[in-house]
Amino acid sequence: MTAPETLSILLIEGRNGIARALLSSQAGFTLAHADRLAKVGNLAAQAGFPGNYAAILIDPDLPDSHGLESYRRTTALFPGVPVVVLSRSAGSAQAKPASGQTDADAATSGSAFAETVISEGAQACLTKDGLDGGALAQAVRQAVLRSRAESRRFRTLFDSAPIGILLAAGRRVMMANPAALEILARSESDLARDSVLDFFPASARSILEKALDAGPDGTGDAHFTADLIKSAGRTIRCRVSVTSAVLNDAPAVALYLAAMDGEEEEEAQEDSPARRNDFRQGRKMEALGRLAGGVAHDFNNLLTAINGYSEHLLTLPGLDGKIATGLKAIRRAGETAAGMTRSLMSFSRSESPEAKAINVDRVVREMEPMLHRLIGAEVNFRLKLDAGKAAARLEPGQLEQMILNLCVNARDAMPEGGAITLATGVVEVEAAAAFTHLASGLGPHIAISIEDNGCGMGPETLECIFEPFYTTKRGGRGTGLGLATVYGIVSQAGGGISVTSIPGEGTRFGIFLARDAAEEIRETVPPEPAWKGGDGSETVLVVEDEPSLREMIIAILTRYGFATLEASSAAEAMDIVEQRPQAVDLVVTDVMLRGEGGHELAESLQAVKPGLRTIFISGHSLESLADRDIFLPAEAFLEKPFSPAQLAAKVRSVLDLAREA
């Protein structure tokens, strides 16, 4: 069994605390201890930014600080480091508030305290009563794993963006993606050393200073063109968008940089506002496509675990009826989400390989119960469906995605309640001028309108609503990607969008999709692959770096009678096969592993055990992988998300092929 990773933990508790003794008794931890808040500041200065601690464990009852003040001052000193908080039981005596503190700030017990620290970013809040070393160690390790997983997902999206992105706090650049480093011809250490203002000409610095000083309310958001200063004094013409952001739970500013070539500069300088808007929209939609692909790939991993576990649990004997009903609801929601994820993946490739004729009214009617729950009882939601059997050609999941995004936006525009009307019909489009985008030509279209009586939007907001990353929602609620995604789907389908809005009265979005010549053909759901059974003697090595997905695959294979081994990386898998080559009959590996990929692992394993078969799983399709020069056999490939029966049948068929060879 592999020894646990040794984690460096900053422990903050008074001298008579219990956590130090409990955690010291567990393997795999090195502790730095501070018994008062004053010492925490000294440790932060020694660690530097972002610090060398894997996690912080804090008992906020300190001699010089109590409760929320202890927690908040610690997280301010160590932004981004996962925190586990220890609290007392609700009946225990409260600490006396320090000078200037309220009783609420000093409180360190009860559900209100736990809810507050969790809402402010703590990974866990544990009660000290009855706590043992094993439970404490597990909570700390889980906090570190969750934090690392969140950081990996963010970093993947951040690094893969084709436009430059800088995240700044104060006047300093805290993060820069590869595209930004290339644009500015500087290293990350160069950027960290200089003020962010140093990269901008004097004419743009006042705009940037306003954004840096504005805080999270968005009043400093700006869009402009400037000659950014590269290394050695050279300049590069860039489109710049500045928006408020949050970094490590603290206010920050995000700067999006799109370098312009000579032809683009010439076009951007033309007098036509429409040309300038098209240029900006095109570049940001390109960035959105790349980001959508990254989000969809990560989400596919989660969906595979959600759908797989729900399907797996539904097969257990003696399942309670209410639990079964809930699991079926989870499975249906997972299947809907899988369709949306497929549309995101397709959108990121700017193609629609699986577009088909879809009856709009049927889809909306099936969504009605979910929309009622999503919108809430305080909003009167009405349907007016009049498109009949008319169909539009879309990829499954895209229509649901557009309707969900627009309905959520309408709901958020009415915090005090109101009314939303979703209507469909067939119309004859006679002019394209009223649309933000219309590529399908004139003629019969299916119209989908979503109208609310909310706060409405002014002309300045209407000009920007389809831009990626633009949002009017404050407090970190909006991503700025919802309407941009709708725009991308409609554009891809060759449809049109119209928007009318009056401040104080409401907004109406219209989507127009070319009516397909054929009515919808409902496909019958193919039966699950038949299970041929097996003798249970085969051993499958599962290689997956996402723990929840790896555990789910192992649970499924075990239920179907297979023995399993597991590895979280290609290197670990190589070690297992080298040490026990005869023990492994088949390998199931994710294609996109960190470090060496699954396809490269399969080639390396042939040198150790010639003829060893491999099944490849991925959130990308075979076609998408081929675009990356990864060519895999269809008979040994399984696209996420997959069902337990599909996985078991694929394993059985590949093992049988190996046996017949």
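Where a number appears in this text, it was derived from the coordinates with a stated rule and is not lab data. Everything numeric in this text was worked out from a predicted model, so none of it was measured. Positions of Cβ are backbone-derived with ideal geometry, glycine not excepted, and every protein chain shown enters the neighbour counts.
Summary of values
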read-out	value
Environment charge at G595 (Cβ cut-off 11 Å; Lys +1, Arg +1, Asp -1, Glu -1)	-3
Debye intensity ratio I(q)/I(0), log10, the stretch 613-656, q values 0.15, 0.28, 0.31 Å⁻¹ (C-alpha model)	-0.36, -1.02, -1.14
Paramagnetic reach from A112 (point 7 Å along Cα→Cβ, amide N under 16 Å) across the stretch 60-88	67-69, 88
Rounded, prolate or oblate (a/c below 1.5 giving rounded, otherwise prolate when a/b exceeds b/c) for the stretch 560-646 by Cα gyration tensor	oblate
The stretch 611-661: chymotrypsin sites (Phe, Trp or Tyr not before Pro) falling in loop per DSSP and having at most 11 other Cβ within 10 Å	F631
Sum of side-chain charges, M552 neighbourhood, beta-carbon under 13 Å (Lys, Arg +1; Asp, Glu -1)	-3
DSSP-assigned coil residues among GluC sites (Glu not before Pro) in the stretch 152-212, each with at most 15 further Cβ atoms within 10 Å	none
FRET efficiency estimate (nearest 0.05) - Cβ-Cβ, K328 to S548, R0 22 angstrom	0.60
Cα centroid of the stretch 585-661 to Cα centroid of the stretch 107-166, whole Å	34
Cα gyration tensor shape of the stretch 364-405, rounded if a/c is under 1.5, else prolate or oblate by comparing a/b with b/c	oblate
Gyration tensor (Cα) of the stretch 122-169, equivalent ellipsoid semi-axes in angstrom	35, 11, 6
Theoretical gain in end-to-end length, K384 to R146 [0.36 nm per residue, Cα-Cα removed]	81.3 nm
Extension gain, V499 back to Q138 (0.36 nm per residue minus Cα-Cα distance, nm)	124.8 nm
Interchain or long-range residues, amide H under 5 Å from C125's placed H	V85
